[in-house]
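The values are calculated or read from the model by the stated rules, or taken from the named source; none is laboratory data. Predicted model only: the values in this text are computed from it and were never measured. Quick reminder, even Gly has a Cβ in these numbers, built from the backbone with ideal geometry, and neighbours come from all protein chains shown. Areas reflect the complete protein model, heavy atoms only, side chains present, ligands, DNA and RNA absent. Shrake-Rupley method; radii C 1.70, N 1.55, O 1.52, S 1.80 Å.
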Amino acid sequence: MASRSYFSYLLVVLVVLILMPPSSQLQSSQAWTLLRLQRLLNFPFGLTSWDSRTDFCNAEPNPSVTVVCYEESITQLQINGNNSSSRLPKSFPIDSFFTTLTRLPNLKVLSLTSLGLWGPIPAKISRLSSLEILNMSSNLLDGTIPSEISHLKNLQTLILDHNLLGGRLPEWIGSFPLMAVLSVKNNALNGPLPVSLSSLVSLRLLVLSFNAFSGPMPDLSCLANLQVLDLESNYFGPQFPSLSKKVVKLVMRNNSFKGGIPSELSSYYLLQQVDISSNRFVGPFMPSLLSLPSIQSINISGNRFTGMLFPNTSCNDELKDLDFSSNLLTGSLPTCLSSRSKDLIVLYSGNCLTNKDQIQHPNSFCQNQAFAVDLLPRKEKKTSVHKAIVALSVVGAIVVALIVAFLLFTAIRRGHAKSVVKRPPRRLIEHASNGYPSKLLADARYISQTMKLGALGIPSYRSFSLDELEAATNNFDTTTFIGEGSLGQMYRGKLRDGSLVAIRCLKLKKQHTSQNFNRHIELISKLRHRHLVSALGHCFEYYLEDSSVSTLFLVFEYVSNGTLRSNISGQKLSWRQRIAAAIGVAKGIQFLHAGIIPGLFANDLAITNVLLDHNLVAKISSYNLPVLAEIKAEVMVGTTCGSKEHVRRTLHEEKIDIYDFGVILLEIISGRPITTRIDAKLLKDQLQESITADGAARRRSIVDPVLRKACCSDSLKTVIEICIRCISEEPAERPSVEDVLWNLQFAAQVQEAWRGDSNSSEDSPLSPHSPALRSSDD
């Protein structure tokens, strides 16, 4: 029986060797591995088309299976089944399955989802030492998370959602220096979290929802890159977790948190979603959450929040849903919520508000309940009636004082109502970032980012053939030539599907094999973002005599609407559109610094390298790719760079781009080309003088004449102030890209509010008699 099995194995290998296409001969052993995996998984849908003739490396990806190769070796394997609720047969040998997987030694991405895998995760997984992304969600895996996973030192993403895993999250989970995504949603994990979570300095997404975790959260304030924290449906508490201010999504629903909301939450300037519903929070609700610059969703339902809401409370225009229900709030719903269109969902039943569209309690209910919310510890309530009476008397006096104060406050507020309407609130917040180190961050971009980019219309990154590129450029005809620099020639091409591309041709003087470029190609393949001219693929051309690479072709999307400078000089952009373009460039810089591994700094940003698409979306077209730097070094062999600026770039790489961005802002504000560092310094000094209390006339003379009647002084002043900080001579004094983004988004909000208030006004917003100008210079 054993000899027959071995004979069958040899027969399969022989058939594969004979029938595989010649270009894929080196893949024969790995092709056999894939066919064996197909058989072990019982030929699931999506793998049924695999046979001995399949060219796996060039097969078209589909929702069920994706295979990606580099240099005749499989680096990515994603298999998505439809069997998340039922398991594979009892005879399924999970150990043999993972033994077979270990025959793919260069595997960096492994995604096995909804396949019905069952049993403990085998220890043999430690042999996949190159893994960077591991996703085994929606299976029936049980037992504990094996310690052998700790041997995967390159791991950046670990997703084990929707399984039956139990036990505690192990202490060694904090031993991954590059871990960016950790998700164990919907398992049976329990107990307190390990303190070592605080060591995951690159962590960007932490999802622990729908488990049985308990106890206080470890201190996460040192995780400066954490953007998503999802703790839903556990037993965490009682203290509100300590977090950095860069959190974008915070979900703490259905836990045991109590006490008040920390005041720091109102300074989370990147926060888009916060859900703290179904806990035991008490104390006043902070209306300032409604006007956070990025906020889109707030849910505080099912707590005991108190306080009075006022009609003139300001809100962020991007708010999409808000749930105040089942608290102890009084007053009136803010006008900015009640007057918005149907795209905003607001739930507020179960409070004591004057708005009656949704069921409300009488005002006395909220007052009585507020008195009863933890005025005294429970033991003291049982043992000392006298103390309770005294406490209630004190509270009564405080309430009377608060009512009087409220009446005075209302009277004063009515006196200033008109000025409040005329002048949008202005805050230039400086988010201190001194000592913040630049991190080399990763994300599950192989899996999720590709889907997001697909929605934006950007095709998947791929390898092009030389024939394709020659056909796209009519054999690199001179009519398709765009330009030439120290790093090669640029051509415009049109692919067979009709899409336009830009092709950079890099001639290589040294002898390189394509293997030398593997790490560069992996980085280039990640340069795909809404505000970058995204990479679409690459192609190698070889010398015939030794098969070394003679030319590297890099293929990018083609953006045809001109540069940011040409659109400004052509007077095509309003102030609102210029701020939007600046925000886009800042987001592109943020991605280059923190969205890929390794981060790209000192990108020689210039306004002529910022392109606008047909929707006026700004895209950075030039960035500091290591492969370009190496090729440039080959061209400039023997040259040295000993300038002070070169030293500064080495020491303060992350702030070089901030300075260059500040120069772009100078041109956005003034409309004048800035061609030298002296030009930038002179204009900066003029802007600095214009910020003073008597600088209205000076500011009017500096700003682009096209904008003088079309922008709010508060918005302009905010952009000028952040611009001045960006072009500070001392790199340490320049703001972080997050600070820049916050202030630009605030300036955009102020401009929108001013447009709404001044549509009927014929006064110039920058004239000496303009209310907008007086408000900012008072």
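What to note about this one:
- Yes/no for Leu140 being of a type outside the set (Lys, Arg) and open to solvent by 20 Å² or more (accessible area, probe 1.4 Å): yes
- For region 266-285, the tally of residues that are open to solvent by 30 Å² or more (accessible area, probe 1.4 Å), in a loop (DSSP other than H, G, I, E, B) and closer than 13 Å to Asn327 by Cβ stands at 1.
- Complete set of residues in region 272-314 that are touching a residue at least 24 places away in the same chain (Cβ under 8 Å), small (Gly, Ala, Ser) and on the phi < 0 side of the Ramachandran plot: Ser277, Ser291, Ser294, Ser297, Ser301, Ser314
- Exclusive hit being at pLDDT 85 or above and within 29 Å of the chain's Cα centre (by Cα), set Leu104, Leu155: Leu155
- When residues of region 530-550 are limited to those that are open to solvent by less than 10 Å² (accessible area, probe 1.4 Å) and among the polar types (S, T, N, Q), the one farthest from Asn615 (Cα to Cα): Ser548
- Gly599 open to solvent by 50 Å² or more (accessible area, probe 1.4 Å), modelled with pLDDT under 90 and either in contact with a helix residue (DSSP H, G or I) (Cβ under 9 Å, 6 or more places away or on another chain) or not hydroxyl-bearing (Ser, Thr, Tyr) (or both): no
Each row is one residue, and each column tells you yes or no for (1) at pLDDT 90 or above; (2) among the β-branched types (Val, Ile, Thr); (3) more than 18 Å from Val585 (Cβ to Cβ); (4) touching a Ser or Thr at 6+ places or on another chain (Cβ under 8 Å).
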position: Asp660; (1), (2), (3), (4): yes, no, no, no
position: Ile669; (1), (2), (3), (4): yes, yes, no, no
position: Arg677; (1), (2), (3), (4): no, no, yes, no
position: Ala693; (1), (2), (3), (4): no, no, yes, no
position: Val703; (1), (2), (3), (4): no, yes, yes, yes
position: Val719; (1), (2), (3), (4): yes, yes, no, no
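- Residue, nearest to Pro626 (Cα to Cα), within region 563-589, restricted to residues that are modelled with pLDDT of 90 or more and open to solvent by 30 Å² or more (accessible area, probe 1.4 Å): Lys587
- Strands (runs of 3 or more DSSP E) enclosed by region 431-521 - at least 3 residues per element that are open to solvent by less than 80 Å² (accessible area, probe 1.4 Å) and modelled with pLDDT of 90 or more: 488-494, 500-512
Listed here are the residues, each with its yes/no results for (1) modelled with pLDDT of 90 or more; (2) basic (Lys, Arg); (3) buried (at least 17 other Cβ atoms within 10 Å of the Cβ).
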site	(1), (2), (3)
Leu200	yes, no, yes
Leu203	yes, no, yes
Asp219	yes, no, no
Phe236	yes, no, yes
Pro241	yes, no, yes
Phe257	yes, no, yes
Gly260	no, no, no
Ser263	no, no, no
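- Residue under evaluation Asn368, criteria (1) within 22 Å of Asp275 (Cα to Cα); (2) out of contact with any Lys or Arg (no Cβ under 8 Å at 6 or more places or on another chain); (3) surrounded by fewer than 19 Cβ atoms within 10 Å (Cβ to Cβ); (4) not aromatic (Phe, Trp, Tyr), criterion not met: (1)
- Listing of strands (runs of 3 or more DSSP E) fully contained in region 526-626 that carry 1 or more residues being polar (S, T, N, Q) and out of contact with any Cys (no Cβ under 9 Å at 6 or more places or on another chain): 549-557
- Verdict on Asn186 being under 25 Å from Arg87 (Cβ atoms), crowded, with 18+ Cβ neighbours inside 10 Å, more than 20 Å from the chain's Cα centre (by Cα) and polar (S, T, N, Q): yes
- Among residues of region 221-231 being touching a residue at least 24 places away in the same chain (Cβ under 8 Å) and open to solvent by 40 Å² or more (accessible area, probe 1.4 Å), the one that is farthest from Val181 (Cα to Cα) is Cys222.
- Test for Val207: is it within 23 Å of Asn279 (Cβ to Cβ), in contact with an Asp or Glu (Cβ under 7 Å, 6 or more places away or on another chain) and open to solvent by less than 40 Å² (accessible area, probe 1.4 Å): yes
- Tallying residues that are surrounded by fewer than 17 Cβ atoms within 10 Å (Cβ to Cβ) and touching a residue at least 60 places away in the same chain (Cβ under 8 Å) within region 315-346 yields 1.
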